[in-house]
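All of the numbers you see were taken from the coordinates with simple rules; none came from a lab. Since this is a predicted model, take the numbers as computed values, not measurements. Because the Cβ atoms are built from the backbone with ideal geometry, glycine has one as well, and the counts that use them run over all protein chains shown.
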Amino acid sequence: MLQSTKPLVFIRAERNKGYSEKSKKDYDFANITLSDGLESLKVDIEPDLAERCQGAFKKGDNVVITVDISEMNNRARFVVTDVKKAS
C-alpha cells in the first residue's frame, strides 16, 4: 500500500455499472480524478468507494488517498482503496 503524503484536490469520482450485451457479462468499474494543482490524474478506484466519495467530497476538497499496487497480466495495477479528507 502507498499513501499520498501531500494532499490532492478532489475533482470527481465516477462509477460505471451495467451489463454488456456484446460479452454477455456484468461490468462494474470506477475511477477518481484528482489534481496536484498543475496536472489532473485519473486512477482506478474500488466501485463502492466511488459512490462514497461522490457523497462525501465536493470538487476542490483536499484529500489524501491510499493506493494498492499489484500486478495483473505482467503490469503494475494501481487502485485507490481509501480516500480521506486532508487535515
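Restricting to the stretch 42-87, and then to whatever is assigned to a strand (DSSP E or B) and polar (S, T, N, Q), can you tell me which residue is nearest to Glu14 (Cα to Cα)? Checked the stretch 42-87; the qualifying residue nearest to Glu14 (Cα to Cα) is Thr81.
Residue-wise test of (1) of a type in the set (Gly, Ala, Ser); (2) loosely packed, with under 14 Cβ neighbours inside 10 Å.
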site: Asn16; (1), (2): no, yes
site: Lys24; (1), (2): no, yes
site: Leu38; (1), (2): no, yes
site: Asp48; (1), (2): no, yes
site: Gly55; (1), (2): yes, yes
site: Gly60; (1), (2): yes, yes
site: Ile65; (1), (2): no, no
site: Lys85; (1), (2): no, yes
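Take the conditions (1) surrounded by fewer than 16 Cβ atoms within 10 Å (Cβ to Cβ); (2) in contact with a Leu (Cβ under 9 Å, 6 or more places away or on another chain); Thr33 misses just one of them, which is (1). Do the conditions hold for Lys42, that is, is it loosely packed, with under 13 Cβ neighbours inside 10 Å, within 12 Å of Val80 (Cβ to Cβ) and not aliphatic (A, V, I, L, M)? Criteria met by Lys42. Just one of (1) touching a strand residue (DSSP E or B) at 6+ places or on another chain (Cβ under 7 Å); (2) under 13 Å from Asp82 (Cα atoms); (3) without any contact (Cβ under 8 Å) to a residue 40 or more places away in the chain fails for Ile32. It is (3).
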